[in-house]
Amino acid sequence: MNAVLIIFARLPVFGQVKTRLERDLGPERTLQYYRRLVAQLAQTVHRLRQNTAIPVAVFYAGDTTQAKDTASDREALADLQGILQADHWTRQINGTLGERMCHAFTTVAERHPGKSITLCGTDIPQLNDTDLLAAFQALTLAPAVLLPVHDGGYGLIGLSATALSEPDGLPAIFALQRWSHPGVLPEQIEHLESAGYAPVLLKPVADIDTFDDALRYHAHRPELLQGLFGDIRVVIPVWNEAENLRDLIQTLQQLPWLREVIIADNDSSDNSRVLARTLGARVTRCRERGYGATCLAALADIRKRGGCDIVLFMDGDGADAPQSYWSVIAPVLQGRYNFCLGYRDPQTAERGALQAHQRFGNWLATTLIRLVYRYRFLDLGPLRAIQWDALESLCMDDRNYGWTIQMQIRAILAGLSMLELAVPYRRRQYGQGKVTSSLRASLRAGMVILGSVWQERRWQPDTDCD
């Protein structure tokens, strides 16, 4: 086939690839994810070359502050060459993306005169050998081809041999192009048409720039995220929440970063346990009535099976918005904090989600914590993520409604690094709250919580949990 493939790649260097992903995955996991993207592209190229003799040229970007390869660049280049096979390796010039693309097309056109050239990136996991063959075939009939991506840009551009026979026209195609905005594709089409190269558009695909992109694409290629997150379990204390469990469990099971959903059942009299097991959740049962008691039973079950890396706690009423789950997990997963709590901001919570007595109780409890322990919390919210080892060091033993405040106070005393994030909060999805719907029950729970503020003063870090 009379064609050449150019691949634009970044050297796999810690902290220098897919930087928008780093905000959620952290640099180490982002680097692993990037290497997987490159490996997937390598498989595509290998399949392509099994049936064709298409030359492949990789133009790589290293440290943009350096004009030449550094020792670390050379090491990373060897790493990249071990993943991706190519005929030529060339460092990208410094300049805008358009200038670098123009240089790559010009360089390869001089090296392979009379051939069409197609350029793609490494962040399009949907790109396969069939797409590349379709692009090459399109260039036998049209002067240009583009592969649109869902964010408004494109992930592949090809120019025919005829278009490349006039290299002086290449800068006009790229020089005026603006990047990183939703109108990249229509602008590039306009520039191609102005140069007389009306492009053929292939079927749009997804590219990976952000963590949301990675999550959306997970269903298509789950192996890209598999094993990147360690061992994260969610513990959901439940007492007669069958009406809320189906939606909650099914939502959680779709999350690629979550290893296990544990329903900590507090001896429900409805079918919560049966439903949870049917849906594939792990169920622990605690016959002793108490929020803390049923949480402790779930933790004992995790401990018996060797522990985990992170525990995410949430209530079983569906009030915590799904978009909040990752928000509180990410700072702990990245190792920036031992403990992250979701703050239910009364100003942004759904109308009716937080009753007046709940708001007052939270204010009173957090005020007392500030006065007694000199630490400012905003909430005693149920959505919280904590490292397993940090949680174990707290020797949690409250068996009632003092569980949440005990965790927060002991985290202060133990010197854990903590972050409190505002999260959206909704009304419970179905049914009535067991505590919040009753002023009497809320007052009883409140007294237990406030009592914990004073009792916990006696706790000392490094206490023998046994």
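When the Karplus curve 6.51 cos²θ - 1.76 cosθ + 1.60 is applied with θ = phi - 60°, which whole-Hz ³J(HN,Hα) does each residue of the stretch 43-55 get, with x for Gly and Pro?
3J(HN,Hα) across the stretch 43-55, in whole Hz: 5, 4, 5, 4, 5, 4, 7, 5, 10, 9, 10, 6, x.
Quick one: if the Förster radius is 45 Å, what FRET efficiency do ARG287 and ARG336 give, using the C-beta to C-beta distance and rounding to 0.05?
On the way: r = 39 Å, r/R0 = 0.86.
Given R0 = 45 Å and the Cβ-Cβ separation, E is 0.70.
Of [x] -0.38, -0.50, -0.81; [y] -0.30, -0.41, -0.81; [z] -0.26, -0.36, -0.77, which is the value of log10 I(q)/I(0) by the Debye sum over Cα atoms at q = 0.06, 0.07, 0.10 Å⁻¹ derived from the coordinates here?
Here log10 I(q)/I(0) by the Debye sum over Cα atoms at q = 0.06, 0.07, 0.10 Å⁻¹ agrees with entry [x].
Just report the Cα centroid separation between the stretch 1-35 and the stretch 186-247, whole Å.
Using only Cα atoms, the two centres lie 16 Å from each other.
Considering the chain, which cysteines have no disulfide-compatible partner, defined as another cysteine with its Cβ under 4.7 Å away?
So far as the 4.7 Å Cβ criterion goes, CYS102, CYS120, CYS286, CYS295, CYS308, CYS340 stand without a partner in the chain.
Can you give me the relative contact order of the chain as a percent, contacts being Cα pairs under 8 Å and 6 or more apart? Don't jump to the answer; show the numbers that get you there.
Details: 841 pairs, mean separation 54.9, N = 466.
Dividing the mean separation by the residue count of the chain yields 12 percent.
Please work out the ratio of the alpha-carbon Rg of the stretch 3-214 to 2.2 N^0.38 Å and round it to two decimals. If you can, show how the numbers build up before the last one.
Values: Rg = 16.3 Å, N = 212, 2.2 N^0.38 = 16.8 Å.
Relative to the rule-of-thumb radius for its length, the stretch 3-214 sits at 0.97.
Just to verify a number: FRET efficiency for HIS150 and GLU75, C-beta to C-beta distance, R0 = 41 Å, to 0.05? Present the calculation step by step, with values, prior to reporting the outcome.
On the way: r = 35 Å, r/R0 = 0.84.
The computed FRET efficiency comes out at 0.75.
With each label point set 7 Å from Cα along the Cα-Cβ vector, what nm distance links ARG351 and THR162?
Between ARG351 and THR162, the label points sit 6.3 nm apart.
Just subtract the alpha-carbon distance of THR96 and ASN51 from 0.36 nm times their residue separation and send over the number in nm, one decimal. Walk me through the numbers before you get to the answer.
Working: separation 45, 0.36 × 45 = 16.20 nm, distance 3.49 nm.
In short, 12.7 nm is gained.
Can you run phi through the Karplus equation (6.51, -1.76, 1.60; θ = phi - 60°) for the stretch 73-83 and list ³J(HN,Hα) in whole Hz, with x for Gly and Pro?
Values per residue, Gly and Pro as x: 4, 5, 5, 5, 5, 4, 4, 5, 5, x, 9 Hz.
Quick one: of the DSSP bridges fully inside the chain, what percent are antiparallel, nearest 5?
30
Before anything else, pin down the relative contact order of the stretch 230-458: Cα pairs under 8 Å, at least 6 apart, normalised by residue count, whole percent. Mind showing how you got there, number by number?
On the way: 423 pairs, mean separation 52.8, N = 229.
This gives 23 percent for the stretch 230-458.
Starting from the amide H of ALA422, placed 1.01 Å from N in the peptide plane, find each other amide H under 5 Å away whose residue is 5 or more places distant or on another chain.
TYR343
Which of the trypsin sites (Lys or Arg not before Pro) found in the stretch 270-359 are in a DSSP loop and have at most 15 neighbouring Cβ atoms, other than their own, within 10 Å?
Details: sites: ARG273, ARG277, ARG282, ARG285, ARG287, ARG289, ARG303, LYS304, ARG305, ARG336, ARG344, ARG351, ARG359; in loops: ARG287, ARG289, ARG305, ARG336, ARG351.
Qualifying residues, ordered by number: ARG287, ARG289, ARG305, ARG336, ARG351.
Could you give the nm distance between label points at LEU378 and ASP212, where each point is 7 Å from its Cα heading toward the beta carbon?
Roughly 2.1 nm, to one decimal.
Name the long-range amide H neighbours of VAL149: under 5 Å, sequence gap of 5 or more, or other chain; modelled H, no Pro or chain starts.
It is TYR154, GLY155, VAL205, by chain and number.
Using θ = phi - 60° and the Karplus form 6.51 cos²θ - 1.76 cosθ + 1.60, what ³J(HN,Hα) does each residue of the stretch 31-38 get, whole Hz, x for Gly and Pro?
Each residue of the stretch 31-38 in turn: 5, 4, 5, 4, 4, 5, 4, 5 Hz.
Quick one: compute the contact order of the stretch 168-291, relative version, from alpha carbon pairs under 8 angstrom and 6+ residues apart, as a percent.
Values: 147 pairs, mean separation 22.3, N = 124.
Relative contact order comes out at 18 percent.
Mind checking the full-extension length gain between ARG305 and ARG427? Use 0.36 nm per residue of separation minus the Cα-Cα distance, one decimal, nm.
Details: separation 122, 0.36 × 122 = 43.92 nm, distance 3.47 nm.
Working it through step by step, the gained length comes to 40.5 nm.
FYI, it's all coordinate maths here, none of it is from the lab. Everything quoted here is computed from the prediction, not taken from an experiment. Using ideal geometry, Cβ is built from the backbone for each residue, glycine included, and neighbour counts are taken over all protein chains shown.
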